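Note sheet for the following structure.
The values are calculated or read from the model by the stated rules, or taken from the named source; none is laboratory data. The structure displayed is predicted, hence computed values, not measured ones. Virtual Cβ from ideal backbone geometry, glycine too; neighbours counted across all protein chains shown. All accessible areas refer to the heavy atoms of the entire protein, side chains included, with ligands and DNA or RNA removed. Shrake-Rupley method; radii C 1.70, N 1.55, O 1.52, S 1.80 Å.
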Amino acid sequence: MPPTVLFDRDKVLLGGDATTLFLHGQLRRRPVRGLAVLAAAPLLLPAAAVPSLRPLGARALTRLAVGGRGEPDVDAVADAYREALARKPEAAVADAIACVRAHRAAGDVVVVATGCEELLARGFLQAIGLADVEVVGSAGSLPPRRAMGRTKVQMLTERGHPPPWRAAYSDSVSDLPLFAGTPRPVLVNAGEDDARHVERVLGRRPETVSWR
């Protein structure tokens, strides 16, 4: 089996806020869907405030924003991201995308492991030409399941990608459980304090990269 390389999505492959970028694109495509999102805001906002419910809230928001098209949700999400990226291309981090392509060219299996709701993550990857990259993300089902910390490792293992991994790229020390499962932890656009924290926990210093 080829070695697996992990990439976080937010602040690694995607700069800025993923949900905001999606909504900007989708509401430009279909402004009328904004009424449905606004009407549901009193229900969606409390879900967003509770970490364990965030995947469910994100999935409900996505369904409301793309509903009624008769097309697969992932295609509608991808179209929304394309619309947004046409106006804000820097939100797709070119250095990260190039790194994904280089790993795949070297024969590695790339998996995007993200706390983002999985449908939103898959739509973004489709929009940037990486639709065939596997995603392990938060599940907006009942019960919802948030891909964070040790739970992210569990979900990767369940999907056939257990540690050790060849490398793991993340912007956040919340992914220390991923860094612990690789000889090559890579902190993306992080500060010196985060690098020292990872070093204290793991006993070795992570690589650091600055990507744009």
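Is at least one residue of segment 135-153 surrounded by 21 or more Cβ atoms within 10 Å (Cβ to Cβ), in a strand (DSSP E or B) and charged (D, E, K, R)? No, segment 135-153 contains no residue that is surrounded by 21 or more Cβ atoms within 10 Å (Cβ to Cβ), in a strand (DSSP E or B) and charged (D, E, K, R).
Taking every residue in segment 6-22 that is more than 22 Å from A180 (Cβ to Cβ) and without any contact (Cβ under 8 Å) to a residue 24 or more places away in the chain and pairing it with any residue that is open to solvent by 10 Å² or more (accessible area, probe 1.4 Å) and among the β-branched types (V, I, T), at least 6 positions away or on another chain, yields no pair with a Cβ-Cβ distance below 6 Å.
The residues of segment 196-212 that are open to solvent by 30 Å² or more (accessible area, probe 1.4 Å) and either of a type in the set (V, I, T) or over 19 Å from L14 (Cβ atoms) (or both), listed by number, are R196, H197, E199, R200, V201, L202, G203, R204, R205, E207, T208, V209. The criterion of being within 21 Å of C116 (Cα to Cα), open to solvent by 10 Å² or more (accessible area, probe 1.4 Å), free of Cβ contacts under 8 Å to residues at least 24 places away in the same chain and not hydroxyl-bearing (S, T, Y) holds for G160.
When you check V112 against the structure, is it β-branched (V, I, T), in a strand (DSSP E or B) and open to solvent by less than 40 Å² (accessible area, probe 1.4 Å), yes or no? Yes, satisfied. Applying the condition of being assigned to a loop (DSSP other than H, G, I, E, B), of a type in the set (A, V, I, L, M, F, W, C) and without any contact (Cβ under 8 Å) to a residue 40 or more places away in the chain to segment 163-195 and asking which residue is most open to solvent (accessible area, probe 1.4 Å) yields A180. Contact annotation: residue pairs with Cβ atoms under 6 Å, 6 or more positions apart or on different chains, pairing a residue in segment 146-157 that is within 16 Å of R9 (Cβ to Cβ) with a partner that is among the aliphatic types (A, V, I, L, M) and assigned to a helix (DSSP H, G or I), are A147/M155. Among the residues of this structure, A102 does not count as one that is among the small types (G, A, S), within 15 Å of the chain's Cα centre (by Cα) and farther than 22 Å from K152 by Cα.
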